[in-house]
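Student: This is the structure, below, for whatever I ask next.
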Amino acid sequence: MRQGVFLFIYFYAVLLTLVGCSDGKSVRQLPHLGNTPYQQDTILVTYATNPNRALTLLDSALLLGNVSEYRGQCIRARIYSKSLVEQRQDSAILICKDLLSHDSVRNNPTEQQNILDLLIATSRAKPDYEQYMHWAAQKAELCQKQGEETERWRSEADVGFVMVHLGQETEGIAKLDEAISHLDAPGSIDRMDAFIVACKRKINALNELHRYQDIITLGQRILDRLNHYEQHAKDYAEDSYRLSWSDHPNDRDRYIDFSRAQAWGFMAQAYAMISEKGKVKSEKLAAAQKAREHLALFDNSNYGKTFGARRMIAPTQMALGMYDEALTTYAEIARRMAADTLNDDYAVILRSRAIAAHARNRHAEAYDYQTRYANLSKVLSDSLMKGKAHEYAARYHDQEQKLEIAQMNAESQRKSIIISAAVIIILLISIFATWFLRQWQVIRRKNLVLVEQIGQAIEYKVKYEAIVESLTPTLSPKDKENVKGDASDDALSLNTEQETSVTPTTSAIESELLSLDDVSNDELYRHLRHVIKREHLYLDPTLDRQKIMDIFQLSRRRVGAAFAQGSEFASLTDFIRDCRLEYSCELLLTRPDLSIKEIAAKSGFNYASTYSANFKNRYTVTPSSYRELMTKK
């Protein structure tokens, strides 16, 4: 009885160490699964030894009220995430997704990071690389918003690894190098841990790319950083909640042993692959020797004896031809997995044991492993198909229920919505009609003022140009005489002779031409404006720069500069348009017998639509509105 009580207390204490989502400092230290020794050992050993017992203890703690429902879900997700059974891994992901919507998580970035860490680890273990990428990117974005650069680059390293796995090799390696570069500096224990994690992610990527020599270099960088930390421990600040030895000093040695052993394991595997794939015999022998040396260091470490370590090193033993050792390792792994064998990992173990047994001429044993491997592969395939079918059926049923509920709600609300909509529409029509009437009255008053201002502006502009002409010497004697008279002589004349004769004779202008090469742009513009307006050249629809050049014997550059630099107009086209619009204003008032189309033609416009658009753009009212308002003024 006493032994049963002690056993219960022991398992309950172990279970509490799994609470990575609690607020206590000691239990928040290392939420990254697989990256720290005591999480790897405690969770995997406990779960592999008696997973059902661990879940039973959790249920008891929840029943007694010692653990809240939220904390209990955190623990359950952590237990499920370490299972090799895909169904339990899926359960862990569903629990974590539900936890992300919990108030304790949504309002606490640290809690969000802990849950995202679980999702990342579980997606990596499945493996589900699309979800792995999704959660890692989400965590990186969250950390960037919170200003936690160390955690951001730790997650960016996960993203880089997935990119390499998905075929984006160049971009993925570049992102991994960027993460390592940002973390490659002493300063805190947490940054050192993030640096090591980023290096391990790159090692995994390099292994997929078969770049084994680069793996050896990177593994040595991990060892160098750990050596530097041991020699200069005081230079590393313990200001991180993720890694701190203040409460558990022994964890420092365990962490160093874990990280160093993994680096040896990576290097042993790389040397083994170089030995297996090398072409030069001497190089193969040297690489094999190096692999065995690092493998011996790995086996002699405390971490090397754990379940995760044995799974990690077994392929290296196979690559080195150490089949007896590999068979022993696989037997130990199978024993540690207990009943948790309905998964792809166990299928790989059976296949590897068959190969090793065959290499040792243990053919009966090899046949047994191969047969079990074939049977398990078929079961896994059938289970996968059934799982997919159940998943699709569940989703379809869920969608059906949601659709029925939505239809019922829509039917119950339809009548009330129709009535409410009718009332609102009637009210809106009344409001709009009132508003439209008032706006129409306001716009009409504004337009009356506007057309009056337009007429005054045109009148003042004509007088102003006449005054300017009279005060400024022109370029020809005839021009001077023309501007000495009354300013009204330059105003627009609307007699029949002007309307029908808009192009002057060549002699009428040639008699005024002087040398225009030396005059300024201002003077040239005034001369051109005076002649164009006096002779009503703008009424010619075909008037353009080329005609002005021909009439006044000027170059394209001189004509452009005269209007762009010597006038308020940006170009000759703007000036001609302005003259035509002013002329049309007079026609709108004095020729009520003409239609808008006829006025457009007599003003020099080819199309009535172009005329109306230019008129409204200039005066903000249409030609017909202008005529109507000016007539009723």
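The values are calculated or read from the model by the stated rules, or taken from the named source; none is laboratory data. Source: prediction; values computed, not measured. Cβ sites come from the backbone with ideal geometry, for glycine too, and all protein chains shown count toward neighbours. These area figures cover heavy atoms from the full protein model, side chains too; ligands, DNA and RNA do not enter into them. Shrake-Rupley method; radii C 1.70, N 1.55, O 1.52, S 1.80 Å.
Student: When a/c is below 1.5 the answer is rounded, else prolate if a/b is larger than b/c, else oblate, so apply that to the range 244-386 with a ≥ b ≥ c taken from the square roots of the Cα gyration tensor eigenvalues.
Tutor: In terms of gyration-tensor shape, oblate.
Student: Another question about this same structure. Averaging over all projection directions, find the projected area of the Cα convex hull of the range 538-614 and quote it in nm² with one decimal place.
Tutor: The orientation-averaged projected area of the Cα hull of the range 538-614 comes to 5.3 nm².
Student: Can you tell me the order of 258-271, 302-315 when each peptide is scored by its average per-residue count of other Cβ atoms within 10 angstrom, highest first?
Tutor: Those peptides, ordered most packed to least, come out 258-271, 302-315.
Student: Sticking with this structure for a sec: List, in order, the whole-Hz ³J(HN,Hα) value for each residue of the range 125-138 obtained from phi through the Karplus relation with A = 6.51, B = -1.76, C = 1.60 and θ = phi - 60°; use x for Gly and Pro.
Tutor: 6, 4, x, 10, 6, 5, 5, 4, 4, 4, 6, 5, 5, 5
Student: Here is a further query. Leaving ligands, DNA and RNA out of it, report the carbon-plus-sulfur percent of the accessible area of the range 81-141 at a 1.4 Å probe.
Tutor: Ligands and nucleic acids excluded, carbon and sulfur give 43 percent.
Student: Using Cα-only point scatterers and the Debye equation, what is log10 of I(q)/I(0) for the range 99-256 at each q in 0.11, 0.15, 0.19, 0.20 Å⁻¹, rounded to two decimals?
Tutor: Debye intensities relative to I(0), on a log10 scale: -0.46, -0.85, -1.26, -1.33.
Student: Using alpha carbons only, what's the Rg to Rh ratio of the range 110-190 with Rh from Kirkwood?
Tutor: 0.97
Student: Further question on the same structure: For His210 and Met408, compute 0.36 nm times the residue count separating them, minus their Cα-Cα distance, and round to one decimal in nm.
Tutor: 65.4 nm
Student: Using Stokes-Einstein with the Kirkwood hydrodynamic radius over Cα pairs, what translational diffusion coefficient do you get for the range 67-135 at 37 °C and a viscosity of 0.692 mPa s, in µm²/s rounded to a whole number?
Tutor: For the chosen part, D equals 278 µm²/s.
Student: Okay, next question. Which far-off residues, 5 or more places away or on another chain, put their amide H under 5 Å from the one on Ala237, with H placed in the peptide plane?
Tutor: The list, which skips near neighbours in sequence, is Gly187, Ser188, Ile189.
Student: Mind listing P(r) for the range 57-178? All alpha-carbon pairs, 5 Å bins, whole percents.
Tutor: Each 5 Å bin holds this share of Cα pairs: 2, 12, 19, 19, 19, 13, 8, 4, 2, 1, 0.
Student: My understanding is that a pair violates if its Cα-Cα distance is over 32 Å; which of Lys97/Lys305; Lys547/Lys616; Lys97/Lys202; Lys279/Lys378 do that in this structure?
Tutor: Pairs exceeding the cut-off: Lys97/Lys305; Lys279/Lys378.
Student: Here is a further query. Can you pull the Kirkwood radius for the range 574-614, inverse mean 1/r over Cα pairs, to one decimal in Å?
Tutor: Final number for the Kirkwood radius of the range 574-614 is 9.9 Å.
Student: Provide the FRET efficiency to the nearest 0.05 for the Lys305-Glu400 pair, computing r from the beta carbons and using R0 = 56 Å.
Tutor: That pair, Lys305 with Glu400, gives E of 0.60.
Student: Regarding the range 273-315, what's the average projected area of the Cα-atom convex hull, expressed in nm²?
Tutor: Mean projected area of the Cα convex hull: 2.9 nm².
Student: Still on this structure: Ratio of alpha-carbon Rg to the 2.2 N^0.38 Å globular estimate for the range 168-240, to two decimals, please.
Tutor: Rounded to two decimals, the normalised Rg is 1.16.
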